[in-house]
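This report refers to the structure that appears directly beneath it.
Each reported figure results from applying straightforward, stated rules to the coordinates on display, with no laboratory input. Note that this is a predicted model, so its numbers are computed, not measured. Glycine gets a Cβ as well: all are built from the backbone with ideal geometry, and neighbour counts include every protein chain shown.
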Amino acid sequence: MLYICATPIGNMQDISLRALEMLKNADIILCEDTRNSQRLLSYHSIKAKRLVALHEHNENEIAQRVIEWLDNNMTIVQISDAGTPGISDPGARLCKVLFDNGKVASPLPGACAYISLMSVSGIVNNEHLFVGFLPSKSSHRLKELAKYNNLTYPVIFYESPHRIVDCLQDIATSCGIGREIVIGRELTKMFETVKRGNAANIIEFITADANQQKGEFVVVVLPDIAEQAELIALSNKDVEVIDLLAKELPPKKAAQISAQILGLDKHFVYDYIVSTKK
Ligand code: SAM
């Protein structure tokens, strides 16, 4: 069997007991970078039988050898440098080659940077789009961002420290400085930061402190609530009722009453009130 194994995204202890057991017993561990993997294995006192490099430049070639090893009943575990393989990391092509050869891999689940941020971002709806890395060139990035501007669900990006400020500025240019964003920096590590605010606040926060520009980032761009309102076609009458109540009552109460009168979702109405007040 080939196991696709998640490893920590920072804190070395974020790895399952089953994953450690499998790494201990594997005939071969496929590593994105054997030196990085060795650090994890040493931390957990695992003496690997054999490490083989599998990275984006040799994935197809190694995948063919994996088929042979599996035919010889070997146990193989694949890990990337951090988090879940196949998520902006090697592993997906390997699994495709297995399918093409009538085989399947088995997951050893665990840490993933964007799922970790989503779990603390206070986003109620499940629907979202994970994009991964945006293009490195600003003009290409802006073109790509334009595709996600009008979505009605959050869009998630990975970003590196040397591009984070430029990337956030492009998000502000493309989506507006008022667009709500959640950033997760150095998740599970000593200097973890999770921050939610509009694009202008987040850019100010990050540019004001050079330390906040260091490390690894996940960026979640929330949908534009005003556009959402148009998409679910709030009528002028709906807006009139909501605005009237929002003027007289606190947002939560106004949302509750207007949602009841108009037959709308109270969370949606609340988000609409808060965003229009801003
Ligand atoms: N496979 C990994 C996963 O499951 O999340 C992602 C690997 S991708 C090559 C590396 C990117 O993931 C980083 O540039 C950063 O955007 C994000 N990332 C990884 N670890 C992170 C962490 N501890 N905090 C925030 N972002 C992280």
Check your understanding: For labels at residue 47 and residue 208 in the simple 7 Å Cα→Cβ model, what's the distance in nm?
Key -> 5.4
Check your understanding: Once you charge only the Cβ atoms, +1 for Lys and Arg and -1 for Asp and Glu, what is the size of the charge dipole of segment 1-158 about its Cα centre, to the nearest 20 debye?
Key -> 200
Point to revise | segment 113-162: GluC sites (Glu not before Pro) falling in loop per DSSP and having at most 13 other Cβ within 10 Å | key: 127
Point to revise | In segment 30-78, GluC sites (Glu not before Pro) in a DSSP loop with at most 12 other beta-carbon atoms within 10 Å | key: 56
Point to revise | For the chain, built as a Gaussian network whose Cα springs stay under 10 Å, the top-fluctuating residue of 60, 150, 73 | key: 73
Review point. Taking the Cα-to-Cβ direction at residue 137 and at residue 253 and moving 7 Å from each Cα, how far apart do the two end points lie in nm?
Key: 5.7
Check your understanding: Which value at 222 nm does the chain reach when only helices count, each DSSP H run of 4 or more adding -39,500 (n - 2.57), with the total divided by all residues and rounded to the nearest 500 deg cm²/dmol?
Key -> -13500 deg cm²/dmol
Check your understanding: Evaluated at 37 °C with a viscosity of 0.692 mPa s, what Stokes-Einstein diffusion coefficient in µm²/s does the chain have when Rh comes from the Kirkwood expression over alpha-carbon pairs?
Key -> 155
Check your understanding: Are any of the pairs 24/189; 137/195; 237/277; 247/277; 189/214 more than 20 Å apart by Cα-Cα distance, and if so, which?
Key -> 24/189; 137/195
Check your understanding: Taking θ as phi - 60°, what are the ³J(HN,Hα) couplings along segment 25-40 by the Karplus curve (6.51, -1.76, 1.60), each to the nearest whole Hz, with x for Gly and Pro?
Key -> 9, 5, 6, 9, 10, 8, 10, 5, 9, 4, 5, 4, 5, 4, 4, 5
Revision key, fill the gap. Site residue 235, offset 7 angstrom along Cα→Cβ, radius 12 Å on amide nitrogen, limited to segment 256-277, gives 262-263
Practice item. At 7 Å along the Cα-to-beta-carbon direction for both residue 1 and residue 13, put a label point, then send me their distance in nm to one decimal. Key: 2.8
